[in-house]
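Inspection log for the structure reproduced underneath, given as structure tokens.
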Amino acid sequence: MGKEKINVGLLGCGTVGGGVWKVLDMNREIIRKRIGIEIAVKKVLEKDKGKAKAAGIPVSKITDQPDDIFNDKDIDIVVEVIGGTTVAGEFLKKAMKAGKSVVTANKDLLAQDGQELFRIAGENNVDLLFEASVGGGIPIIRPLKECLAANRVETIYGIVNGTTNYMLTKMSEEGSSYADMLAEAQQKGYAEADPTSDVEGYDSARKLAILSSIAFNTRVSFKDVFIEGITKITARDIMYAKELNYTVKLLAIGKELDGRIEVRVHPTLISQNHPLAAVNDVFNAIFVRGNAVGDVMFYGRGAGELPTASAVVGDIIDAARNKVKGIKGRLACTCYDSKPIKDIGEIRTKYYVRMKVLDRPGVLAAIASVFGNQEVSLASVIQKRNIDKIAEIVWVTHDVLEKNIQDALKIIGGLSIVEDISNVIRVEGE
Ligand code: NDP
Ligand code: HSE
């Protein structure tokens, strides 16, 4: 097409935007050789010009006027790393309507408005690429869309939030408290400014909505995902989990069975032998089961300046290659089906239930009988601690219907012999 270089307009120069500038700068020559053309950042939109200057961006490239980018005919690719669901969405739409391919790391926006954004990308025949939106630097979007395209994906298990994985790892390894570990994750800069989105599972749910839409070829939004955060996990649950040879992880789980989709985020007990059990600290991993490939796992840094920029720049390179070849919209939206999403009551899995009961004859039998009447089959029970005639009991069930266990727990919670149901955690695998 006779272009000398591909010009990029960068929206936002915070953690990720600054990283994008750095990666394009430090690997300029490698990238030019790989794609046969130079990629140059032509303009950077940033409210705080001092911040962009501090990131090393020449003053001549910095603007606080969005239209300087959208109206510049020489800009081929617009990169949105502002975040949030308002201005960022407007900017992406404007850029696509101006015929520019776009790259974003914005999971919040895609999980909420993905359908509309992909429609606009299709109408304007441009690329909308978003590798960094799930798992930071881990390649997972393009592998799902391309390398695994020969498969029907059966299951996805993801540890996709670094903050909560860091907290659970430290609570497990050092016996640290939830509050101390949250403070440490904030201090290390892993958590969002308002960490509610991390610990309540919203961040993981947004990432799961994106992954599931691609893996199961049906539109899954944030509001479709069942969400439970890690706020109720205590050191005692972690201690019991270890004793039962499990590890507690905040899992994002997507499954397709008989044409129906299951999408849920919740603390989960997984076997210590499962590869995800070894994913510790701030690391992320996504475990995918395809009907041809079997099990594959993608592992790496789910956040941070350079790892996230690695994924964003990978997308810029892809969009640039497409521009050079005159190809548009090659990796378009693949949500061509409309599959029903199961209510949480319809899922089948195992459960860990910790409760405090009166320590006297007949109590275990009475509770077991309620479980039995509600078709909840029990796999094991342990009784650890007795204080003042109160015993702490932990039950683990076989695979049962969620509705049945919830019904059983309602009845059990009302029995006079039960002081409290302290926690219920789902269990995956053997
Ligand atoms: P930051 O808050 O560090 O950066 C965003 C930047 O955009 C800030 O400098 C902000 O300026 C600027 N900005 C906000 N609104 C405007 C506007 N209207 N015009 C111009 N500039 C604006 O965020 P991150 O870099 O951490 O995140 C960016 C995106 O990447 C988000 O969608 C996030 O979810 C995603 N992401 C981030 C990861 C990470 O590790 N940080 C990992 C994976 C994805 P100011 O501060 O002055 O408001
Ligand atoms: N707060 C997020 C996390 C940042 O802890 O994973 C990356 O999306």
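Would you please name the residue that is nearest to residue 39 (Cα to Cα), looking only at residues in segment 319-340 that are among the aliphatic types (A, V, I, L, M) and part of a loop (DSSP other than H, G, I, E, B)? Lay out the reasoning, then the answer.
Within segment 319-340, the subset among the aliphatic types (A, V, I, L, M) is 319-320, 324, 327, 331-332.
Those left that are additionally part of a loop (DSSP other than H, G, I, E, B): 327, 331-332.
Numbers: 327: 17, 331: 21, 332: 23 Å.
Result: 327.
Give the number of residues within segment 419-430 that are among the small types (Gly, Ala, Ser) and either in a loop (DSSP other than H, G, I, E, B) or at pLDDT below 95 (or both). Give the derivation first.
From segment 419-430, those among the small types (Gly, Ala, Ser) are 422, 429; that's our starting set.
Pick out the ones that are also either in a loop (DSSP other than H, G, I, E, B) or at pLDDT below 95 (or both) and you get 429.
Number of matching residues: 1.
Go through (1) crowded, with 21+ Cβ neighbours inside 10 Å; (2) at pLDDT below 95; (3) aromatic (Phe, Trp, Tyr) one by one and return the number of the condition residue 336 breaks.
In the conditions (1) crowded, with 21+ Cβ neighbours inside 10 Å; (2) at pLDDT below 95; (3) aromatic (Phe, Trp, Tyr), residue 336 misses (1) alone.
Can you find a residue that is at positive phi, out of contact with any Gly (no Cβ under 7 Å at 6 or more places or on another chain) and not basic (Lys, Arg) anywhere in segment 322-336?
Step one: list which residues in segment 322-336 are at positive phi, which gives 326, 329.
Narrowing further to those that are out of contact with any Gly (no Cβ under 7 Å at 6 or more places or on another chain): 326.
Pick out the ones that are also not basic (Lys, Arg) and you get 326.
Scanning segment 322-336, I find at least one residue that is at positive phi, out of contact with any Gly (no Cβ under 7 Å at 6 or more places or on another chain) and not basic (Lys, Arg), so the answer is yes.
Do any residues in segment 325-344 that are more than 20 Å from residue 144 (Cβ to Cβ) have Cβ atoms under 7 Å from those of residues that are at pLDDT below 85, where the two are at least six apart or on different chains, and which pairs are they?
326/1
Could you say which residue among 182, 117 is among the hydrophobic types (A, V, I, L, M, F, W, C), within 16 Å of ligand 1 (Cβ to nearest atom) and in a helix (DSSP H, G or I)?
Working: 182 fails: within 16 Å of ligand 1 (Cβ to nearest atom).
Going through 182, 117 in turn, the sole match is 117.
Listed here are the residues, each with its yes/no results for (1) of a type outside the set (A, V, I, L, M); (2) assigned by TED's automatic domain parsing to the domain that holds residue 248; (3) away from ligand 1 (no atom under 14 Å from the Cβ).
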site	(1), (2), (3)
167	no, yes, yes
170	yes, yes, yes
176	yes, yes, yes
189	yes, yes, no
202	yes, yes, no
210	no, yes, no
215	no, yes, yes
224	yes, yes, yes
230	no, yes, yes
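Considering only segment 19-66, how many residues are away from ligand 1 (no atom under 12 Å from the Cβ) and closer than 19 Å to residue 3 by Cα?
Looking only at that region, the number is 16.
Restrict the check to segment 254-267 and report whether at least one residue is within 16 Å of ligand 1 (Cβ to nearest atom), among the basic types (Lys, Arg), within 15 Å of the chain's Cα centre (by Cα) and not in a loop (DSSP other than H, G, I, E, B).
Let us first name the residues in segment 254-267 that are within 16 Å of ligand 1 (Cβ to nearest atom), namely none.
Within segment 254-267, not a single residue is within 16 Å of ligand 1 (Cβ to nearest atom), among the basic types (Lys, Arg), within 15 Å of the chain's Cα centre (by Cα) and not in a loop (DSSP other than H, G, I, E, B).
For residue 351, indicate whether it is surrounded by 12 or more Cβ atoms within 10 Å (Cβ to Cβ) and either more than 30 Å from residue 19 (Cβ to Cβ) or within 16 Å of ligand 2 (Cβ to nearest atom) (or both).
Numbers: surrounded by 12 or more Cβ atoms within 10 Å (Cβ to Cβ): yes; either more than 30 Å from residue 19 (Cβ to Cβ) or within 16 Å of ligand 2 (Cβ to nearest atom) (or both): yes.
Against the criterion (surrounded by 12 or more Cβ atoms within 10 Å (Cβ to Cβ) and either more than 30 Å from residue 19 (Cβ to Cβ) or within 16 Å of ligand 2 (Cβ to nearest atom) (or both)), residue 351 qualifies.
Can you name every residue in segment 41-64 that is of a type in the set (Lys, Arg) and out of contact with any Gly (no Cβ under 7 Å at 6 or more places or on another chain)? Break it down stepwise before answering.
Initial filter on segment 41-64 (of a type in the set (Lys, Arg)): 42-43, 47, 49, 51, 53, 61.
Once the filter is applied, which keeps residues that are of a type in the set (Lys, Arg) and out of contact with any Gly (no Cβ under 7 Å at 6 or more places or on another chain), segment 41-64 yields 47, 49, 51, 53, 61.
Take the residues of segment 289-310 that are modelled with pLDDT under 95 and in a loop (DSSP other than H, G, I, E, B): which is farthest from ligand 2 (Cβ to nearest atom)?
304
Can you confirm whether segment 205-221 contains a residue that is within 16 Å of ligand 2 (Cβ to nearest atom), surrounded by 24 or more Cβ atoms within 10 Å (Cβ to Cβ) and in a strand (DSSP E or B)?
No, segment 205-221 has no match at all.
In the same structural domain as residue 112 (by TED's automatic domain parsing) and in contact with an Asp or Glu (Cβ under 9 Å, 6 or more places away or on another chain): is that true of residue 132 in this structure? Full working, then the answer.
Values: in the same structural domain as residue 112 (by TED's automatic domain parsing): yes; in contact with an Asp or Glu (Cβ under 9 Å, 6 or more places away or on another chain): yes.
Judged against the criteria, residue 132 is a match.
Would you pick out the residues in segment 373-418 that are part of a helix (DSSP H, G or I) and either more than 36 Å from the chain's Cα centre (by Cα) or of a type in the set (D, E, K, R) (or both)?
The initial filter retains those residues of segment 373-418 that are part of a helix (DSSP H, G or I), namely 373, 402-413.
If the condition is that a residue be part of a helix (DSSP H, G or I) and either more than 36 Å from the chain's Cα centre (by Cα) or of a type in the set (D, E, K, R) (or both), then 373, 402, 403, 407, 410 are the ones that fit.
The values are calculated or read from the model by the stated rules, or taken from the named source; none is laboratory data. Everything numeric in this text was worked out from a predicted model, so none of it was measured. Methodologically, a virtual Cβ is constructed for each residue, glycine included, from the backbone with ideal geometry; neighbour enumeration extends over all protein chains shown.
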